[in-house]
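Okay, so here's the structure we're looking at.
The values are calculated or read from the model by the stated rules, or taken from the named source; none is laboratory data. Keep in mind the model is a prediction, meaning the values are calculated, not measured. No Cβ is skipped: glycine too gets one built from the backbone with ideal geometry, and neighbour counts run over all protein chains shown. Please note that ligands, DNA and RNA were not included when accessible areas were found on the heavy atoms of the full protein model with its side chains. Shrake-Rupley method; radii C 1.70, N 1.55, O 1.52, S 1.80 Å.
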Amino acid sequence: MMDAGRHPNITLLSYSEVEDVSGYVGNFEVKVRRNPRYVLEDLCTACSLCLEVCPITLPDEFNEGLGTRPAIYRSFAQAIPSVFVIDKKGVAPCRDACPTGQRAQGYIALIRERRFADAYRSIKEDNPFPAVCGRICNHVCEDACSRGRVDEPISIMRLKRFVADWAFEHPEEVAKAFAPKIDQDAETPDATGKRVAIVGSGPAGLTVAQDLKLSGHDVTVFEALPVAGGMMRVGIPEYRLPAEILQREIDEIIDLGIDLKLNTKVDDVVALKSGEDQGGPFDAVFVGIGAHSDVRPPVTGVDLPQMLAANDFLRGASMDYYPDLIGKKVIVLGGGDVAMDAACTAVRAGTMQADREGGEPPEVRVAYRRTEAEMPALEAEYTQALEDGVAFDWLVSPVSVEADDEGNVCGLSCCRMELGEPDESGRRRPMSIDGAECLMDADVVISAIGARPNLESVPEVIKRTPNGRQIAVDENTMATSVDGIFAAGDAVTGMAFVVDAVGAGHKAARAMHAYLMGLPMPGPEVKLPVADVSDEEIEARKASGQVVEMVRVCTLEEVDAGERIHSMCEVTGPVSEEEAVEEAMRCLQCGVCSECNQCVYVCGPLAIDHNMVEEHLDLKVGAIIVATGFQMWDPHQLSQYSYGKSPNILTGMEFERLSSSGGPTGGEILTAEGKKPESVAIIHCVGSRDHNAHPYCSRVCCMYSLKQAHLVRDKTGADVYNFYMDMRTFGKGYEEFYERVQEEGIIFIRGRGAQVEVLPDGKLQVRGEDSNLGRVVQVDADMVILSTAIEAPGDADQTAALFGLGRSEDGFFAEAHPKMRPVETNTDGVFLAGTAQGPRDVPDTVAHAGAAASMALALLDKGVVTISPQVAVVNETLCSACKTCISLCPYTAISFVERDNVARVNEALCKGCGACAAGCPPGAITARHFTDEQIMAQIEGLLSMPRVLVEA
Amino acid sequence: MTSDFEPRIISFLCTWCTYTAADTAGISRMRYPPNADIIRVMCSGSVDPTYVLRPLLDGVDGVLIGGCHPGDCHYQSGNYKARRRIVALKMILDSVGLDDERVWLRWISGAEAGRYAETVTQMTEALKEKGLNPMRQKWAV
């Protein structure tokens, strides 16, 4: 095998499948799909370091499921080519759904293995803000989670929070996880000397800053506010995301060596790039200014002092500045997350003021123009708001903010609404009811009906989106219309979530790096196939007990509502380690490989490429040898052998792995209880020579059963009983081996083993007839080996259709003639080798394969193909130009010659089937050697012969 | 009809499937009536309707056409062409008052030697029931 793998004239296309074969002998065209191996064949050195870090455990097919293997593996030590492969069905749905491409299945797998530091590294791979997103994400991953189709989705967000919090408490272990584990070929890139300015320190800006700094660029971040973090800092209230936790993650980025300029407003981003007044010029500028301007409701009275914008209110609150709310009636306009945040912040701020200074806490209401069902706020936020004592008024729309004589807000006039037809967002459009106005008491009104970017610092030369509100960018590169200026985040999308900004930030950073280094700009992202767990698979896993319906383990503790409104303390409590591990166990592992990237960190030659996609090859070949082998027959089909009812009932193949030094026990023959067996029964012909299974003889079983009997006797000294029908020792030296085994004291019982019974104590009992003695025998055994039949592979049908092969009655591929042409098939140029044609042992397979190779070589060596003379010819004088023949020919061998007005046959393409000759209305076409005259002559000849019936 | 009547059958067997089956039946020493004479053709799709009509008019008692199973044709679609032709031919036979049951089209793969032997046996039996092809009486052979 090694020799074949190394031979310069042999190209081994492993992990590949033939998809289509066309052409004919000497001129086949074969389409091959190379499945993505995710490991570069020419780089992998099979050092096995990746095996140790992979968190996935799967049954090992090569060891017949007796052992386990990781998702990155090599079937067996001698496998050719000697490189690893990653078993990956595709990108997990959670990762696919996340705008940042967060490898959720990856860190969940690592949590399950209690490798929390590794999980943290896996998260940080795509997201610089785990602690933030672990708290306030909109977690679209959970909506996509396949587990949701079993019971409830995995609490992916909470698991992330657990890892982030754990990482903060275990800095040393995290440092170890991030430390290089091996000298990798590529190291941290050298400083490029390129200078980048980033305007805005929100999630988009900081993501770009981090990525570009890690690529070796010199990064300066400008922030107008006195604090960094953008909306994460000044838009999300403290009780949902403590500033201290956010600051930790910001500091990690800044500590990479980024120059952060707080309190520094940029007036013109284009001037910033070229000018020198703010430290420029810069090679590139990223605009991540967010959406901090409020959308004001179109009502009168918006300029009153107690009419606040939610953004301003929350920004103030984040820096401990609150308006006086003691005993005030507060109305929040809107139904989104910002409205919930503003309302709950108002409750807390007013309650804290009242606690400090005396007085009543505020009365906070949310006024929304649709109903509860259409409200865009996350359900958890809405529930919390209700718990915090916020009241809701549905179907009301503000008309005007009323002021008293002193010019202070004293009420809100509203119009009652009703729901009409759904609008473009799919939600029913609210419509005002004429004359249904109402006045609500209010001292403070907070408007939370949206926000948009403040584009003051973005000159008109940078193009806007069609609605004029955001910056227009190229969707692949996030480049604006001005060279070297890029933008992402809320400034481009309008108000969105942190993960959206982070995802877009990564995309912008990739493009900016390419721009700075003069590399080709990235095109559209390659969409990797998504691994889908089908409903049938879920049902099968449920049926097998692998998946048990249960509720989420991670139910976050919340601080009691009565208590939490007196401070800005975080509402949701921490996740415990046990809960996290148990929750992680619920993952269905949709992608098989979790893409946790741990293998990448330890691969010295950088051979792992998780983004590999399948390749398609078109090969031109002269001959094809089909050597697709066999499969083991499944003994579940004959229930009398009790296969599957005891782990000590093995098939011959399973025993082969058990006794192999590379097998699960290192070659020790042990029962499932880990003991040496004292008595072993081997039953021959299980599934072979049996009209309830396969009537044919599988040929190899007698000899491997003898070998296994010898091994058991040799390694364990156990009593071995062979139940055989006939001993078929057909090969050279085989009979001698049989005699030797007999002399070793192995007991041979002539007769089919009839039944294996699993006794209540787990012991096995084998019954069968000893036809030599003429009586039933019964043997107690610790282990039973079933010498199962070999049969044609389950997909032999497709293989046969692909290569134009016939199949014999036993299901194996049919040779051209059972005696004279044992390697050729009925399709010229396609040969058979080995068990694809029928059961045979190794020496016979080698001989058969050698013959197939010789036949192929003889064909190729000639350089020309001798075709059959049986082709169709057109008698052109009879041809009526009806073109009937053209549609009859499956090989397009007949073409119509317009100039001569006749059909003509291409003899090289014609296969001589004669369909055209039979269908030609004027009888102009004849099939050579099968002409009408010849057939008629045969008929006449037969008829003229006297009928002599010979009874044999 | 006397029970010792021995019908004559002419069979057109596709070389890839049914002819191979007949060959295998021989190799396997299977026993079946010797009433069918075989004419090998490349494909059941190459059987011209006149090949069937001529022996029938000449007084042969039955004609058997053997081809590959649908989907298994060595020439991709020859057996479908045969199927269409034989259906049309049988309609013509029926309309002119000839017994279309004397023409059999059967799919027998190269592996189905037993089926070939069985088919010939059944056809011989069936034709024994039917008796002499009336054409034989009209046109003396």
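When you have a sec, figure out the Kirkwood radius of the protein assembly as shown from all distinct Cα pair distances and drop it here in Å to one decimal?
Numbers: mean 1/r = 0.0272 Å⁻¹.
When all Cα pairs of the protein assembly as shown are included, the Kirkwood radius is 36.8 Å.
Among bridges DSSP assigns within the protein assembly as shown, what percent are antiparallel (round to 5)? Before the final figure, lay out the partial values.
Values: 66 of 134 bridges.
The antiparallel proportion sits near 50 percent.
Taking the Cα centre of the range A:277-320 as origin, work out the dipole magnitude from +1 charges on Lys and Arg Cβ and -1 charges on Asp and Glu Cβ, in debye rounded to 20.
On the way: 2 positive and 6 negative charges, 37 e Å.
Computed charge dipole of the range A:277-320: roughly 180 debye.
Given a cut-off of 21 Å, what percent of all Cα-Cα pairs of the range A:242-353 lie beyond it?
The share of Cα pairs beyond 21 Å in the range A:242-353 comes to 56 percent.
Going highest first, how would you order A:647-659, A:336-348 by mean Cβ packing within 10 Å?
Values: A:647-659: 21.4, A:336-348: 26.3.
Taking the mean over residues of other Cβ atoms within 10 Å, the ranking is A:336-348, A:647-659.
Across the residues of A:808-821, average count of Cβ atoms on other protein chains within 10 Å?
Across A:808-821, the average partner-chain Cβ count within 10 Å equals 3.
In whole Å, what are the Cα extents of the range A:424-502 along the three principal axes, biggest one first?
The Cα atoms of the range A:424-502 stretch 54, 32, 26 Å along their principal axes.
Out of residues 5 or more away from A:Gly65 or on other chains, whose amide H comes under 5 Å of its own, with H placed 1.01 Å from N in the peptide plane?
Result for A:Gly65 returns A:Asp60.
³J(HN,Hα) across the range A:19-29 via Karplus (A = 6.51, B = -1.76, C = 1.60, θ = phi - 60°), whole Hz, x for Gly/Pro?
Whole-Hz 3J(HN,Hα) from phi for the range A:19-29: 9, 7, 10, 9, x, 8, 3, x, 9, 7, 10.
May I ask for the accessible area buried between chains A and B, both sides summed, probe 1.4 Å, to the nearest 100 Å²? Present the calculation step by step, with values, prior to reporting the outcome.
On the way: alone 45200 and 7740 Å², together 49790 Å².
Buried area (both sides, nearest 100 Å²): 3200 Å².
Hey, any idea what the orientation-averaged projected area of the convex hull of the range A:872-944's Cα atoms comes to, in nm²?
Working: hull surface 19.9 nm².
Result: a mean projected hull area of 5.0 nm².
Determine one quarter of the surface area of the Cα convex hull of the range A:662-786, which equals its mean projected area, and express it in nm² to one decimal.
Numbers: hull surface 34.4 nm².
So the Cα hull casts an average projection of 8.6 nm².
Residue by residue through the range A:731-748, which ³J(HN,Hα) values in whole Hz follow from phi under the Karplus form 6.51 cos²θ - 1.76 cosθ + 1.60 (θ = phi - 60°), with glycine and proline marked x?
These are the phi-based 3J(HN,Hα) values: x, 5, x, 6, 4, 5, 5, 4, 4, 4, 5, 4, 5, 6, x, 7, 8, 10 Hz.
Sequence-distant or interchain residues sharing an amide H contact under 5 Å with A:Leu333, placed H: which?
A:Ala367, A:Ile446, A:Ser447, A:Ala448
Could I have the simple spin-label model distance between A:Ala881 and B:Met91, label points 7 Å from Cα toward Cβ, reported in nm to one decimal?
According to this spin-label approximation, the distance is 3.0 nm.
Output needed for the range A:340-400: three equivalent-ellipsoid semi-axes, defined as square roots of 5 times the C-alpha gyration tensor eigenvalues, in descending order, whole Å. Provide the component values of the computation, followed by the final result.
Working: eigenvalues 115, 39, 12 Å².
Result for the range A:340-400: semi-axes of 24, 14, 8 Å.
Which distance in nm do the two modelled labels at A:Cys438 and A:Asp355 give, with both placed 7 Å along the Cα-to-Cβ direction?
Distance between label points: 3.2 nm.
Applying the Karplus parametrisation 6.51 cos²θ - 1.76 cosθ + 1.60 with θ = phi - 60° to the phi angles of the range A:264-279, what ³J(HN,Hα) value in whole Hz is obtained for each residue in order, glycine and proline being reported as x?
Going residue by residue, I get 10, 8, 9, 8, 8, 5, 6, 5, 4, 5, 8, x, 10, 5, 10, x Hz, with x marking Gly and Pro.
Cα centroid distance between the range A:619-661 and the range A:778-838, in Å?
Between the Cα centres of the range A:619-661 and the range A:778-838 lies a distance of 14 Å.
For a quick size check, give me the Cα extents of the range B:74-141 along its three principal axes, largest first, whole Å.
39, 26, 19
With a ≥ b ≥ c the root eigenvalues of the C-alpha gyration tensor of the range B:1-56, is it rounded (a/c under 1.5), prolate (a/b larger than b/c) or oblate? Working shown, then result.
Details: a/c = 4.13, a/b = 1.09, b/c = 3.78.
Oblate, because a/c is 1.5 or more while a/b does not exceed b/c.
Got a sec? Which residues in the range A:613-648 would a label at A:Leu860 touch, if it sits 7 Å along Cα→Cβ and we count backbone N under 12 Å?
Answer for the range A:613-648: A:620-625.
Considering every residue in A:934-941, what mean count of other chain Cβ atoms within 10 Å of its Cβ is obtained? Before the final figure, lay out each step's value.
Details: counts 1, 10, 5, 0, 7, 12, 3, 2.
For peptide A:934-941, the averaged partner shielding equals 5.
List the extent of the Cα atoms of the range A:296-449 along each of their three principal axes, largest first, rounded to whole Å.
Result, largest extent first: 49, 39, 23 Å.
Provide a whole-number value for the mean count of partner chain Cβ atoms within 10 Å of the Cβ atoms in peptide A:908-917.
Details: counts 0, 0, 0, 6, 5, 16, 11, 15, 3, 4.
Per residue, the number of nearby Cβ atoms from other chains is 6 on average.
Can you give the Rg to Rh ratio for the range A:492-576, taking only C-alpha atoms and Rh from Kirkwood?
Values: Rg = 22.5 Å, Rh = 18.9 Å.
Answer for the range A:492-576: 1.19.
Starting from the Cα gyration tensor of the range A:796-883, take the square roots of the eigenvalues, sort them a ≥ b ≥ c, and report rounded, prolate or oblate (rounded when a/c is under 1.5, otherwise prolate if a/b is larger than b/c, else oblate). Before the final figure, lay out each step's value.
On the way: a/c = 3.32, a/b = 1.92, b/c = 1.73.
Here the range A:796-883 falls in the prolate category.
Before anything else, pin down the relative contact order of chain A: Cα pairs under 8 Å, at least 6 apart, normalised by residue count, whole percent. Write down the numbers at each step before the final one.
Working: 1931 pairs, mean separation 122.5, N = 952.
About 13 percent, as a whole number.
Based on the mean of other beta carbon atoms within 10 Å per residue, what is the order of B:39-52, A:69-82, most packed first?
Working: B:39-52: 24.2, A:69-82: 17.1.
So the order, starting with the most tightly packed, is B:39-52, A:69-82.
Using the Cα centre of the protein assembly as shown as origin and beta-carbon charges of +1 (Lys, Arg) and -1 (Asp, Glu), tell me which of A:Val364, B:Gly78, A:Thr351 is placed farthest towards the positive end of the dipole.
So the residue we want is B:Gly78.
Would you mind checking the pairs A:Lys707/A:Lys732; A:Lys265/A:Lys507; A:Lys507/A:Lys527; A:Lys862/A:Lys911; A:Lys89/A:Lys176 and listing those with alpha carbons more than 23 angstrom apart?
Over 23 Å Cα-Cα: A:Lys265/A:Lys507; A:Lys89/A:Lys176.
Average the reciprocal distances over every distinct pair of alpha-carbons in the range A:588-702, invert the result, and give the Kirkwood radius in Å. List each step's numbers first, then the result.
Working: mean 1/r = 0.0517 Å⁻¹.
Value: 19.4 Å, from the Cα pair sum.
What's the whole-number percent of alpha carbon pairs in the range A:413-563 lying beyond 26 angstrom?
On the way: 7008 of 11325 pairs.
So the pairs more than 26 Å apart make up 62 percent of the total in the range A:413-563.
Using Cα-Cα distances under 8 Å and only pairs 6 or more residues apart, what relative contact order does the range A:631-791 have, in percent?
On the way: 322 pairs, mean separation 51.5, N = 161.
For the range A:631-791, the relative contact order is 32 percent.
For B:Ile65, list long-range residues whose amide hydrogen, built 1.01 Å from N in the peptide plane, is under 5 Å from its own amide hydrogen.
When sequence neighbours closer than 5 places are left aside, the close amide H contacts are B:Phe12, B:Trp104, B:Leu105, B:Arg106.
Could you rank the peptides A:361-367, A:399-405, A:803-809 by their average count of other C-beta atoms within 10 Å per residue, with the highest value first? Don't skip to the end; give the middle numbers.
Details: A:361-367: 23.1, A:399-405: 16.1, A:803-809: 19.4.
The packing order, highest mean first, is A:361-367, A:803-809, A:399-405.
With the contact rule set at Cα under 8 Å and sequence spacing of 6 or more, what percent relative contact order holds for the range A:469-515? Working shown, then result.
Numbers: 56 pairs, mean separation 17.8, N = 47.
Relative contact order of the range A:469-515: 38 percent.
Loop-only check: which GluC sites (Glu not before Pro) in the range A:703-805 are DSSP coil with at most 15 other Cβ within 10 angstrom? Let's see the in-between values first.
Working: sites: A:Glu735, A:Glu736, A:Glu739, A:Glu743, A:Glu744, A:Glu757, A:Glu769, A:Glu791; in loops: A:Glu744.
Listed in order of number, the matching sites are A:Glu744.
Taking all protein chains in place and a 1.4 Å probe, what share, in percent, of the accessible surface of chain A do carbon and sulfur account for?
Working: 22200 of 43580 Å².
Within chain A, the accessible surface is 51 percent carbon and sulfur.
Kindly report the accessible area of the range B:1-137 per residue (heavy atoms of protein chains, probe 1.4 Å, no ligands, DNA or RNA), in Å².
With the other protein chains kept in place, the range B:1-137 gives 42 Å² per residue.
Could you calculate the contour length gain from A:Ser14 to A:Ala543, that is, 0.36 nm times the residue separation minus the distance between their Cα atoms, to one decimal place in nm?
Roughly 187.0 nm would be gained on extension.
Between A:Glu61 and A:Met2, what is the FRET efficiency for a Förster distance of 25 Å, r being their Cβ-Cβ separation, to the nearest 0.05? Intermediate values should be presented prior to the final figure.
Working: r = 22 Å, r/R0 = 0.88.
E(calc), rounded to 0.05, equals 0.70.
What number in nm² do you get for the range A:151-273 if you take the convex hull of its Cα atoms and divide its surface by four?
Here the figure is 11.0 nm², rounded to one decimal.
Compare the Cα positions of A:Tyr322, A:Leu943, A:Gly134 along the charge dipole of the protein assembly as shown (+1 at Cβ of Lys, Arg; -1 at Cβ of Asp, Glu; about the Cα centre) and return the one farthest towards the positive end.
A:Leu943
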